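The numbers here are math on the coordinates, done by the rules we state, and not lab data. Source: prediction; values computed, not measured. Cβ coordinates were reconstructed from backbone atoms using ideal geometry, including for glycine residues, and neighbour counts include every protein chain displayed.
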Amino acid sequence: MRYSLKQVSVFLNVAHYENISRAADDLAMSQSAVSSSLADFERHYDMQLFDRKGKKLQLNELGRALRPEAQALLEQAQAFEQLLQQENTVPALRVGATLTIGNYLAVGIMARYMKQHAGAQVQLHVANTARISEQVQNFELDIGLIEGELQNSALNVIPWLEDELVVFCSPTHPLARRKKLNDKDLLAATWILRESGSGTRQTFDRAMTGLLSQINVGLELEHTEAIKRAVEADLGIGCLSRVALSEAFARGSLIPLKVPQRDLRRRFYFILHRQKYLSSAIENWMALCQKEQG
């Protein structure tokens, strides 16, 4: 082989940071050593992987094509080294989760995972579906747990759990005593909703087909707890996952509203890059997540 794993690591770090200085800091190398390693790598194969724009290096078409292969190669080499050293430690895991999953499911799963695998390191990043999918595609995350439907040829989208959105209001809201809401009620209400780009908003918009352009959105908020507080204050009605509302329903601070004519069912999904190496950490995490179905 005319390349080294160090050169592959340098290539991936420069691709991530798009900057020699930041890549050097992450690799604990000098800037000149990183530049030299990258230049030797490109020269050996008579290729250019980046477009240079001042201090910024941006992956070109060839670099983008090679990146997932390089990422998989490096991760397999790291797993192989662990076997050679006869280490029983589970590799570090970078998990991304959308807001509902991150706040109401992932933390509990992470606690059980770390209990089962002594010394395991898990990083949990919470954002909306659009951001999590972007980070998985860029190899910034090993796996994503999302609540929105996704079409992306670079990613494997694997069904996980069934979920349902619930329309809700405060106990003092005029709609609280209604047995069920019709479409006229939905149009007359003021809504407190998640922002565009979130899986929850995607499901809501789909469910309200035919009414969407007439829906009165009073507030768009990025956090489920903020939406719940706004609805409790009678600023409008909301629509969130039943997972996020179960405790509030149990104590009576929020009231579920039936909307039988609208389909608010959805699924949670795993997302992985199609060329991602499935480490033991990823497989163990997914197996533990699957137990949530019980």
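Annotations for the structure displayed:
- Rg(Cα) / (2.2 N^0.38 Å) computed for segment 1-127, rounded to two decimals: 1.28
- Given their separation in residues at 0.36 nm each and the Cα-Cα distance between them, Glu140 and Leu187 gain 12.8 nm when the chain is fully extended.
- Highest mean first, the peptides 168-174, 249-255 sorted by other C-beta atoms within 10 Å per residue fall in the order 168-174, 249-255.
- Where both bridge residues fall in the chain, DSSP classifies roughly 60% of the beta bridges as antiparallel.
- Angle in degrees between helix 5-17 and the longest Cα principal axis of the chain, rounded to the nearest 10: 40
- Each peptide among 208-214, 4-10 gets the average number of other Cβ atoms lying within 10 Å of its residues, and from highest to lowest they stand as 4-10, 208-214.
- Taking Val259, Val95 and counting other C-beta atoms within 10 Å, the order from fewest to most: Val259, Val95
- Span from the segment 28-69 Cα centroid across to the segment 183-217 one, whole angstrom: 46
- Projecting label points 7 angstrom from Cα along Cα→Cβ for Glu247 and Lys180 puts them 3.2 nm apart.
- Range of Cα positions in segment 152-294 per principal axis (Å), largest first: 53, 34, 25
- Angle between the chain longest axis and helix 280-290 axis [Cα atoms, degrees, rounded to 10]: 10
- Computing FRET efficiency as 1/(1 + (r/R0)^6) for Gln116 and Leu278, where r is the C-beta to C-beta distance and R0 is 25 Å, gives about 0.85.
- Structure-based [θ]222 nm, the chain - -39500 (n - 2.57) summed over DSSP H runs of at least 4, per residue, nearest 500: -12500 deg cm²/dmol
- Debye log10 I(q)/I(0) for segment 84-211, one point scatterer per Cα, at q = 0.13, 0.17 Å⁻¹: -0.69, -0.97
- The calculated FRET efficiency for the pair Lys53 and Ala77, based on their C-beta separation and a Förster distance of 35 Å, comes to about 0.70.
- Residue-span extension gain [Asp46 to Ala226] - 0.36 nm each, minus C-alpha spacing: 59.3 nm
- With a Cα cut-off of under 16 Å and a minimum spacing of 8 residues unless on different chains, the lysine pairs in the chain number 4.
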